[in-house]
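Right, one structure below, let's go through it.
Derivation of every value follows stated rules applied to the coordinates shown; laboratory data play no part. The structure presented is a predicted model; accordingly, all values stated were derived computationally and were not measured. Cβ placement follows ideal geometry from the backbone for every residue including glycine, while neighbour counts extend to all protein chains displayed.
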2 protein chains.
Amino acid sequence: MIAIIFLPLRMNKRNTKTKQLILETLKNAETAVSQDILQEELGDAVDRATIYRVLNSFCDDGIVHKILGDDGKYYFAFCVNCTEKKHHHNHFHFRCLECGKIECLPNEVDIKLPKGYRSVNFNGFISGYCAACSPGA
Amino acid sequence: MIAIIFLPLRMNKRNTKTKQLILETLKNAETAVSQDILQEELGDAVDRATIYRVLNSFCDDGIVHKILGDDGKYYFAFCVNCTEKKHHHNHFHFRCLECGKIECLPNEVDIKLPKGYRSVNFNGFISGYCAACSPGA
DNA sequence: AATATTATCGCGATCATGTCGCAATAATGA
DNA sequence: TCATTATTGCGACATGATCGCGATAATATT
Ligand SMILES: [Mn+2]
Ligand SMILES: [Mn+2]
Ligand SMILES: [Zn+2]
Ligand SMILES: [Zn+2]
């Protein structure tokens, strides 16, 4: 593991150890991650502000997408099945109130907007209990 | 206008000028409102913390519902078509990036969760441009 | 390889939204 | 009118996220 694949190449972006670490973590994560989760992984070697800057930079680059959780925190997930121009983020995210796991729900949803309305950002969030943590199980 | 209808009556709730003002504003608003919007309406006569306390109190009473916007702020809307026990909030909310209006989208949505998952909170949010503000119009 | 350029980093300060503790105030009931 | 106590105002606090700036280091140029 710890492959060093990356793609700044364009714009005046530079490839740094920190960016590689964060991108690697995002790729390996099966869930969307927040700054504090990344901080645990990376330790105090990487600054808090830097983590935010890198994550937002990735979003600008179109290789990561950002979700506002219903806990008021931002979560970031590596884009899959997205091209740089066309993203597919119209799915819900689920947060387990017990174990804290964040996951993408499979089905893309299509919300019909009133006439003349134009959608820019989609943010679908459901919290509850996952199968493992569900009290009834 | 400025009708003085209210409904504390039950519990140890008291009817105050501030509560009436806020409830009146919520009813008259065609959109969901945040603390800072209410603050503009009410001026510095009412304290910031009080506005939050009253709004959250209304939520506890079940006469107002609370929405986390995709800008990270809470918005509050007077309940319509809700009973005290059974609420109908599984609809998307739309925020116009130009004029800032928040509105409820009409259709209730039903998201299918993976087997064993249990939903507790639903939050659907779309931001973009409303018909009035849409650049193409 | 040595140097220049400047994107990025670390650090602290700062902002923003929302909450809390507590003494003062005022709405209710007796 | 008086007693009770929910509510208010005010400041402090908590947290997530951003910003300014000098130091560092990735890239380009020589
Ligand atoms: Mn994407
Ligand atoms: Mn409701
Ligand atoms: Zn769980
Ligand atoms: Zn608009």
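Peptide B:97-110 has a mean shielding of 1, counted as Cβ atoms of other protein chains within 10 Å of each residue's Cβ.
Of the listed pairs A:Lys112/B:Lys101; A:Lys66/A:Lys86; A:Lys86/A:Lys112; A:Lys73/B:Lys86; A:Lys101/B:Lys86; B:Lys27/B:Lys86, which have alpha-carbon separations greater than 26 Å here? From the list (A:Lys112/B:Lys101; A:Lys66/A:Lys86; A:Lys86/A:Lys112; A:Lys73/B:Lys86; A:Lys101/B:Lys86; B:Lys27/B:Lys86), the Cα-Cα distance tops 26 Å for A:Lys73/B:Lys86; A:Lys101/B:Lys86.
Given R0 = 30 Å, the distance between the Cβ atoms of A:Thr16 and B:His88 translates into a calculated FRET efficiency of 0.05.
Rounded to the nearest whole Hz, the Karplus-based 3J(HN,Hα) values (6.51 cos²θ - 1.76 cosθ + 1.60, θ = phi - 60°) of the stretch A:103-117 follow the sequence 9, 7, 7, x, 6, 6, 10, 10, 8, 7, 8, x, 4, x, 7, with x at glycine and proline. Which of rounded, prolate or oblate describes the stretch B:84-137 when judged by the alpha-carbon gyration tensor and an a/c cut-off of 1.5? Judged from the Cα gyration tensor, the stretch B:84-137 comes out prolate (a/c at least 1.5, a/b above b/c). In the protein assembly as shown, the ratio of gyration radius to Kirkwood radius, Rg to Rh, stands at 1.01 when only Cα atoms are counted. For the options B:Lys17, B:Lys85, B:Lys27, a Gaussian network treatment of chain B with springs between C-alpha atoms closer than 10 Å singles out B:Lys85 as fluctuating the most.
With both residues required to sit in the protein assembly as shown, DSSP beta bridges show an antiparallel share near 75%. Classify chain B as rounded, prolate or oblate, taking a ≥ b ≥ c as the square roots of the eigenvalues of its Cα gyration tensor: rounded when a/c is under 1.5, otherwise prolate if a/b is larger than b/c and oblate if not. Note, shape of chain B comes out oblate. In order along the stretch B:70-80, phi translates into HN-Hα couplings of 7, 9, x, 10, 8, 10, 10, 9, 5, 6, 10 Hz, rounded to whole numbers, per the Karplus curve 6.51 cos²θ - 1.76 cosθ + 1.60 with θ = phi - 60° and x for Gly and Pro.
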